[in-house]
Structure formats: structure tokens, C-alpha cells
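**Student:** Before I ask anything, here is the structure I am working with.
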Amino acid sequence: MKILSLASCVLSLMLSPLAAHAQFAYAANEKDGTISVIDTTRDEVVGSIKAGRTPRGMAPSVDGGQLFVSDQKSNALRVIDLSKREALRSIDLGESPEGVGRSPDGKWIAVAIEEDHQVLFIDTATEKVAFKVKVEGENPEHAVFSPDGKWVFVSAEESQVVDVIDVAARKVVGTIRVGKRPRGIGFTPDGARAYVACELANTVYAIDVPTRKVLATIPVGVRSNGIKMHPSGREVYVSNGADGTVMVIDTATNAVTHTIKVGNRPWNMALTANGGKLYVANGRSNTVSVIDTATKKELKQIKVGEQPWGVVIPGGH
């Protein structure tokens, strides 16, 4: 009976929506209005999804069945059915939406609205805007939930601050001073620290979340942009747009340990569920680099659409 029960559990997992979509990575190609579907077992493109005019930020639903994508030029959020690989609906947003974040429980989708200097929170149950939060920084680009879902950190690319939104209170409760043009944000799994890439400072800032104080400034490559945290919490990855590299930062020492050459202008990234592979959108190469995180080597570059902005993996990081 125990063996049968275990087999049933495995079968249930294999048939679950998340398991069905977890083997795929999705790259948003902002210039040709498509999302490339990458099979992560073969690291090959196996499909393409039309996603409006300028797809940029993406966040998958908790069950992996849908993908929420900001369409920057259409001022909209596209809701894509990943089984059908087509856009189902469109949610009106403010002017120039960029980064998209999802709360850990799946209740909220947060979208950074550049020209309106605010973050919109969409209730995933109703797919309607539930509330808006005006931020202090100008031109917010990324809105990232902390692992407990309590906070949203917002990078404001025309400022030198990260805004902190209290989700329950629905307001900004603090700002953290960082370098010029903050971009990507990533939290350690325990939520104790956040790492912020500042593009014009060529620096990653390590922030103590409870005190909202900068713990360390880490010199990295030129035009540091994307940030992705390994699920172990031991390493954080930063993409350097002008250098065409990804650097690995040891979170124990807050020092760079490896530099990996990728394509031209690497932007936003995603990790597989086990953290074994890192997928990097190379905006000027029209490729996605695949990095083995154990060996710190680029395995291959996958040709995708025009000007990929970022990658997401349902069930990944």
C-alpha cells in the first residue's frame, strides 16, 4: 500500500499543471512582440507565443498555468495560457509598465509603472487592479516581493533609492539609498538580505532587510543590471550589460568569485528549480545563455526572438 501510495503521489505530481510547465523557460522578446518557449531538458526553442507589442516583465502563476506579461508600449498586462500558448486577456495599466512580480502565495501581481511612478497590485482571483502605491523614486523598473510576501522592494532607475512597500498597509514605509540607476533585486531565501544591482555605479548593494541598511557595496562589471539568487542562498548572480558577463557573488563574503562570459548586453535571468542552470537573456545577441551553476561554465547560447528582455521558469527562481 505504501508503494502504491508513493507511486500515486509521483503520478499526481507529474500530471500537475506546475510539473507540466516546469520544464520550460520563457524569454520575452521586446522587439518582435513574442515569447520564446525553451525546453530546459534539451535547451532548444520549441515554440513562440505572441505577447503584444513590447513584452518585458513576466511572472508565472503559482500553478504554472498562466504567465503575466507587461506589454510596455500597449500599457497593458497580458495574461497568457501556457497550455494553449496564447494570450487570453489584457489588463489595462498605467504608462510604460516594466517589471512584474508575484507574491509567494500567488494572490498578488505587482507591476512597476515607469511614467506614473507607481506600483499597481493586481488581484489574481479577479484579475483587476486592487490598489496602487505611489513610490518616491522616479521611473520604477522592478517590483520584487520578499520571500514572506510582506514587502515589495522597488528599484527606481532614475533615482538612487529602493522604495519599500508594506503590502498589508498598502503604502511606502521607507526608502534605502543606493547607487545610480538601481535595477535588478534579489532576496536571500530567508528574506534577511536583499541584493540590488546599480547600473551606473557598477556596484551591487547588499541590504539588511530588517534594518534597511546597506551592509556591503560589491564592485562588479560595467552596467550591472539583472540579479538572481541561488535557492541555496550561497550565491547571487549579476549580469553586466556592457561587459557581456555574469558574475557570481559569494553571499558569505560578499565578494565576486567567478566571471562568466555570455552574449551581448545580458539582462534579466532565471534559475531552474534546483538551481542547476541559469538562463540569461542577451538583449543584443538575440540569444539566451545557459550556465551550469556548478561548473560556472556557459553550456550554450540559444537563439530566440529579437532583443530578449528577461527569462522566467515556472516553479524555478
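The values are calculated or read from the model by the stated rules, or taken from the named source; none is laboratory data. These figures come from a predicted structure and were not determined experimentally. Counting neighbours? That spans all protein chains shown, and the Cβs are built from the backbone with ideal geometry, glycine included. Note: accessible area is taken over every heavy atom of the protein model, side chains too, but ligands, DNA and RNA are not part of it. Shrake-Rupley method; radii C 1.70, N 1.55, O 1.52, S 1.80 Å.
**Student:** Specify the longest stretch of the chain that does not include any exposed loop site, a site being one of the trypsin sites (Lys or Arg not before Pro) with a non-H, G, I, E, B DSSP assignment and at most 10 other Cβ atoms within 10 Å.
**Tutor:** Details: sites that count: R42, K84.
Between exposed loop sites, the widest span is 85-317.
**Student:** Out of D32, D190, D63, any idea which swings most in a Gaussian network model of the chain, alpha carbons joined below 10 Å?
**Tutor:** D190
**Student:** A follow-up question, please. With an 8 Å Cα cut-off and a minimum separation of 6 or more residues, compute the relative contact order for the range 42-84 in percent.
**Tutor:** Values: 64 pairs, mean separation 13.8, N = 43.
Reported relative contact order: 32 percent.
**Student:** Per DSSP helix of 4 or more residues, -39500 (n - 2.57); summed, then divided by the residues of the chain. What does that give at 222 nm, rounded to the nearest 500? Can you show the working numbers first?
**Tutor:** Values: 2 runs with 19 residues, N = 317.
Computed mean residue ellipticity for the chain: -1500 deg cm²/dmol.
**Student:** Using θ = phi - 60° and the Karplus relation 6.51 cos²θ - 1.76 cosθ + 1.60, list the HN-Hα couplings for the range 240-252 in order, rounded to whole Hz, with x at every Gly or Pro.
**Tutor:** Here the 3J(HN,Hα) series is 10, x, 7, 8, x, 9, 10, 9, 9, 10, 7, 6, 6 Hz.
**Student:** Still on this structure: List the lysines whose Cα lies under 29 Å from the Cα of K73, skipping any in the same chain that are fewer than 8 positions away.
**Tutor:** Counting by Cα, and skipping residues close in sequence, K73 has these lysines nearby: K31, K50, K84, K107, K128, K132, K134, K171, K180, K228, K303.
**Student:** Please report the carbon-and-sulfur percent of the accessible area for the range 18-122; probe 1.4 Å, protein heavy atoms only, DNA, RNA and ligands left out. Provide the component values of the computation, followed by the final result.
**Tutor:** Numbers: 1520 of 3690 Å².
Percent of accessible area from carbon and sulfur atoms in the range 18-122: 41.
**Student:** How much accessible area per residue does the chain have, counting only protein heavy atoms and a probe of 1.4 Å, in square angstrom? Intermediate values should be presented prior to the final figure.
**Tutor:** Details: 12930 Å² over 317 residues.
Accessible surface, normalised per residue, equals 41 Å².
**Student:** Match the structure shown to one of the listed values (i) 95, 60, 33; (ii) 54, 45, 44; (iii) 77, 44, 33 of Cα extents along the principal axes in Å, computed from it, and give that label.
**Tutor:** Given (i) 95, 60, 33; (ii) 54, 45, 44; (iii) 77, 44, 33, the structure-derived one carries the label (ii).
**Student:** Between the range 246-317 and the range 154-230, what is the separation of their alpha carbon centroids in Å?
**Tutor:** Cα centres, the range 246-317 to the range 154-230: 19 Å.
**Student:** Given springs between every Cα pair under 10 Å in a Gaussian network model of the chain, which of S285, S224, S83 has the largest fluctuation?
**Tutor:** Maximum among the listed residues: S83.
**Student:** Can you give the direction-averaged projected area of the convex hull of the alpha-carbon atoms in the range 246-287, in nm²? Display every interim value, and only then the final one.
**Tutor:** Values: hull surface 13.6 nm².
Mean orientational projected area (the range 246-287, Cα hull): 3.4 nm².
**Student:** Among G137, G276, G241, which one moves the most in a GNM of the chain with springs linking Cα atoms closer than 10 Å?
**Tutor:** Maximum fluctuation in the GNM of the chain, among the listed residues, is at G276.
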